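For reference, the structure discussed in these notes is given below.
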Amino acid sequence: MPVKPNVYITRKIPEPALARLREACDISMWEEEDIPVPREILEREITKADGLFCLLTETIDEALLEKAEKLRVISQMAVGYNNIDVHAASRRGIVVTHTPGVLTETTADLTFALLLATARRLVEAEHFLRRGEWKTWSPMLLTGRDVFGATLGIIGLGRIGEAVARRAKGFDMKVLYYNRNRKPEAEKSLGVIYTDLDSLLQESDFVCVLTPYTPQTRDLIGERELALMKDTAVLINTARGGIVNEAALYSALKNGRIWAAGLDVFEQEPVSPDHPLLSLPNVVALPHIGSASVQTRIKMAMMAANHLLQALRGQVPDYVVHP
Ligand code: DGY
């Protein structure tokens, strides 16, 4: 690379990834940790960039890409890429990359943690104790739902879905799955059972949403689907908010159609503290922290940095998103 390419980074990223990019590129970076780059700044920066390092908080759409005259690569530090118009990028010959694999186990850990926390009402119980309301041990006080031996339905048996299934096996759960394609290998190695979506919803005690967010999966779980679930069932969503219709979920939780929900993702992020779902005691809500371990976030940043460098060197990056 005789002349250093210009790279724009849309947020402060872990130092090892930044150092790697600095060696080979001229870097500009949005330095804030907690505020996404304003659109007008991104629009200005994109005109000069050969490479873009971005997060799921940036909307990379046609209008932005029209300004990206030099751009050769968009490297997303996430496995999901629903914020990027991959077709528009591809029409312009811009490579899009993402970071699958490195966050699988961490996200599966969080999914299972959220399942356990929701089933056993951990957040509610902790607040109860801290408010000084714990007067005595009582037979039915803060009773939840058994996880061990229950039936888990996984919607979307990708890498993370399989990693959740492995954890569920340790809890002696029966694991059903619904996926675009049947996965005979996983059926053999993990003992998971393929079902259609309606049967999965009817039979599961816990339903985990782990499918990618696409026009086809938008509102996949709505009023009709929630009505099929057991009234004792728990819904967990660690994929994307828009896959579950939030108005329908609110009404199902409020009216006791289902028992509880654990949500790491919301249609609008950050979710407003006034959102109706957050008024419900049977909701455990987290701020999209599925992959948030120190080790994993560093790995994701390094992987995204490597993809950017590979593309700028004219190599095919390890994980390209195809339209
Ligand atoms: C992803 O990678 O898509 C997660 O939602 C954030 O790690």
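Let me spell out the model: positive unit charges on the Cβ of Lys and Arg, negative unit charges on the Cβ of Asp and Glu, origin at the Cα centre of the stretch 1-117. What dipole size does that give, in debye rounded to 20?
In debye, rounded to 20, the stretch 1-117 gives about 440.
Under 10 Å, Cα contacts only: if you run a Gaussian network model on the chain, which one of A78, A260, A186 comes out with the highest mean-square fluctuation? Checking each option, the largest mean-square fluctuation is seen for A186. Shape call for the stretch 75-204 from the C-alpha gyration tensor, a ≥ b ≥ c root eigenvalues: rounded (a/c under 1.5), prolate (a/b greater than b/c) or oblate? In terms of gyration-tensor shape, oblate. Against the main long axis of the alpha-carbon atoms of the chain, helix 294-312 sits at an angle near 30°.
Other residues whose C-beta falls under 14 angstrom from the C-beta of P212 contribute a net charge of +4, scoring Lys and Arg +1 and Asp and Glu -1. In this Cβ point-charge picture (+1 for Lys and Arg, -1 for Asp and Glu), the stretch 104-285 has a dipole of about 320 debye about its Cα centre. Multiplying the residue separation of D196 and R224 by 0.36 nm and removing their Cα-Cα distance gives an extension gain of 8.6 nm.
Here is the P(r) of the stretch 104-285: all C-alpha pair distances, binned every 5 Å from 0, give 1, 8, 17, 22, 21, 15, 8, 4, 2, 1, 0 in whole percents. Distance from the Cα centroid of the stretch 185-209 to that of the stretch 252-323 is 23 Å (rounded to whole angstrom).
Residue order for V192, V164, V95, fewest other beta carbons within 10 angstrom first, comes to V95, V192, V164.
Projecting the Cα atoms of V102, A125, L21 onto the dipole axis of the chain, where Lys and Arg carry +1 and Asp and Glu carry -1 at the beta carbon, places V102 farthest toward the positive end.
Legend: translational diffusion of the chain by Stokes-Einstein, Rh = Kirkwood radius over C-alpha pairs, 20 °C, 1.002 mPa s; D = 102 µm²/s.
For the chain, the dipole from Cβ point charges (+1 on Lys and Arg, -1 on Asp and Glu) about the Cα centre works out to 640 debye, to the nearest 20.
For the set K4/K70; K188/K299; K230/K254, the pairs lying more than 21 angstrom apart at their alpha carbons are K188/K299. In this calculation the C-beta distance from T59 to E126 is compared with R0 = 41 Å, giving a FRET efficiency of 0.70. Considered as an equivalent ellipsoid built on the Cα gyration tensor, the stretch 219-303 has semi-axes of 26, 13, 12 Å, the largest given first.
Of the residues Y319, Y178, the one with the fewest other Cβ atoms within 10 Å heads the list, and the complete ranking is Y319, Y178.
Farthest towards the positive end of the charge dipole of the chain, among the residues A150, L253, L200, is the Cα of A150, using unit charges on the Cβ of Lys, Arg, Asp and Glu.
Cα convex hull, the stretch 109-154: 83 Å³ per residue, rounded to a whole number. Scaling against 2.2 N^0.38 Å puts the C-alpha radius of gyration of the stretch 260-312 at 1.62.
Going by neighbour counts of Cβ atoms within 10 Å, the residues V244, V284 line up, fewest first, as V284, V244.
Along its first, second and third principal axes, ordered by size, the stretch 6-131 spans 56, 28, 27 Å in Cα coordinates. Once the Cα atoms are used to define both axes, helix 15-24 deviates from the longest principal axis of the chain by about 20 degrees.
No lab work stands behind these numbers, since they all come straight from the coordinates. Remember, predicted model here, so these are calculated numbers, not experimental data. Here the Cβ is made from the backbone with ideal geometry for all residues, glycine too, and neighbour counts use every protein chain on show.
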